[in-house]
Amino acid sequence: MTQLPPNLHHLELFYHVARNGGITAAARSMPYGIQQPAISGQISQLEGELGVRLFQRRPFKLTPAGRELYEFLAPFFGALPDVAARIAGKASRRLRLAAPATVIRQHLPTVLAAVRQARPDFELALVDTDQRGAYDLLEREEVDLAICELDGRPPAGIRSEVLISMPLMLLLPASYKIARSGMHGMAVDLPLIRPPAETSMSRLFSKALTKARLDWPARIEVNSLELVHAYVASGFGAGLSIKAPGIAAPEGTRLWQIPDCPELVIAAAWRGKLSPLAALVLDGLRRRAKPD
């Protein structure tokens with residue numbers, strides 16, 4: 001019958017006992033709190049599993065089997081604090097951040113420039129994704145912080161903080177005269193340009209259309225606000241946009257706020273406790289979203 005490997009915690013306790021020359025001394029110098037009787041009991045379990053005595057109690061002296069085991073364990077447990085410190089040091093300066101391309105391009109550079117002044121050694125990995133992708137990355141612990149639309153409640157275990165709530169707008173040709181019928185007239189006159197139907201912006205706009213009892217299907221779908229603006233500026237129709245810092249109407253166009261439409265909410269999302277670096281970035285995003 002194959003013997004199971006010894007309990008790793010028991011091996012760690014034995015390492016400290018052997019290194020400090022006894023159970024009493026080990027209890028005083030352990031990196032975490034554990035009482036002398038608990039150490040003694042678990043060492044006895046280890047000896048029972050191995051079928052040998054590892055040390056003589058009084059006076060303390062390692063047996064040949066104990067000496068062999070200690071020499072095997074010492075390089076691993078002795079180096080562990082330094083390895084852990086190196087890993088923790090690297091983790092403390094690394095940030096993995098997920099956000100939509102618009103946020104990465106228009107808002108993060110200013111925030112990260114301030115972070116770099118405080119932490120010039122920081123390392124950064126950026127991922128362009130939407131809300132669903134951001135939640136998936138957080139659940140797989142592949143990013144530390146995400147900026148995304150907040151459409152409904154986030155999955156269990158993911159914390160969120162609203163950064164900004166933005167009205168939805170229609171981007172129109174500057175020469176277009178808005179009739180009293182509002183969007184009803186636009187739906188007749190202008191092709192609609194918007195992001196894909198599954199995006200939060202388009203879902204919110206769809207709710208406004210339903211409330212207005214209006215059918216206005218998209219004639220052009222594009223995957224970014226920049227493209228919405230570019231196609232409206234080129235005369236292809238009316239585009240779905242937002243009122244947000246850093247987003248302006250291109251020359252020859254104007255923005256019109258959509259009545260009775262839910263606002264687009266942008267939030268920060270994370271799991272567990274934020275690292276100091278992630279908290280620093282989040283604080284910068286708060287100031288960026290609410291400059292006043």
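Data overview
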read-out: Scope the range 249-262; condition loosely packed, with under 14 Cβ neighbours inside 10 Å and of a type in the set (G, A, S); matching residues; value: G252
read-out: Test for Q131: is it under 23 Å from the mean Cα position of the chain (by Cα), in the same structural domain as R159 (by TED's automatic domain parsing) and exposed (fewer than 13 other Cβ atoms within 10 Å of the Cβ); value: no
read-out: Residues of the range 168-201 that turn out to be surrounded by 14 or more Cβ atoms within 10 Å (Cβ to Cβ), at pLDDT below 95 and within 23 Å of A268 (Cα to Cα), as a count; value: 4
read-out: Residue in the range 212-223 that is modelled with pLDDT under 95, among the polar types (S, T, N, Q) and not assigned by TED's automatic domain parsing to the domain that holds V115 present; value: yes
read-out: Matching residues in the range 80-105 - criterion: being at pLDDT 80 or above and either over 16 Å from E142 (Cα atoms) or buried (at least 17 other Cβ atoms within 10 Å of the Cβ) (or both); value: L95, R96, L97, A98, A99, P100, A101, T102, V103, I104, R105
read-out: Selected residue (only one of V265, V281 is surrounded by 14 or more Cβ atoms within 10 Å (Cβ to Cβ), assigned to a helix (DSSP H, G or I) and not acidic (D, E)); value: V281
read-out: Tally of residues being modelled with pLDDT under 95 and surrounded by 17 or more Cβ atoms within 10 Å (Cβ to Cβ) across the range 224-248; value: 4
read-out: Those residues of the range 197-254 which are more than 33 Å from the chain's Cα centre (by Cα), assigned to a strand (DSSP E or B) and more than 10 Å from L171 (Cα to Cα), in sequence order; value: R219
read-out: Near pairs, Cβ below 9 angstrom, 6+ apart or cross-chain, from the range 175-195 (under 17 Å from H229 (Cα atoms)) to any residue that is in a helix (DSSP H, G or I) and β-branched (V, I, T); value: I193/V228; I193/V232; R194/V228; P195/V228
read-out: Any chance R53 is surrounded by 12 or more Cβ atoms within 10 Å (Cβ to Cβ), modelled with pLDDT of 90 or more and either assigned by TED's automatic domain parsing to the domain that holds P276 or not in a helix (DSSP H, G or I) (or both); value: yes
read-out: Matching residues in the range 134-165 - criterion: being of a type in the set (D, E) and loosely packed, with under 13 Cβ neighbours inside 10 Å; value: E141, E142, E161
read-out: Qualifying positions in the range 228-253 - over 17 Å from M166 (Cβ atoms) and in contact (Cβ under 8 Å) with a residue 12 or more places away in the chain; value: A230, Y231, V232, A233, G235, F236, G237, A238, P250, E251, G252, T253
read-out: Residue in the range 107-123 that is among the acidic types (D, E), over 11 Å from the mean Cα position of the chain (by Cα) and at pLDDT 90 or above present; value: no
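The values are calculated or read from the model by the stated rules, or taken from the named source; none is laboratory data. Model, not experiment: these values are computed from the prediction. Note that we place each Cβ from the backbone using ideal geometry, even for glycine, and neighbour counts take in every protein chain shown.
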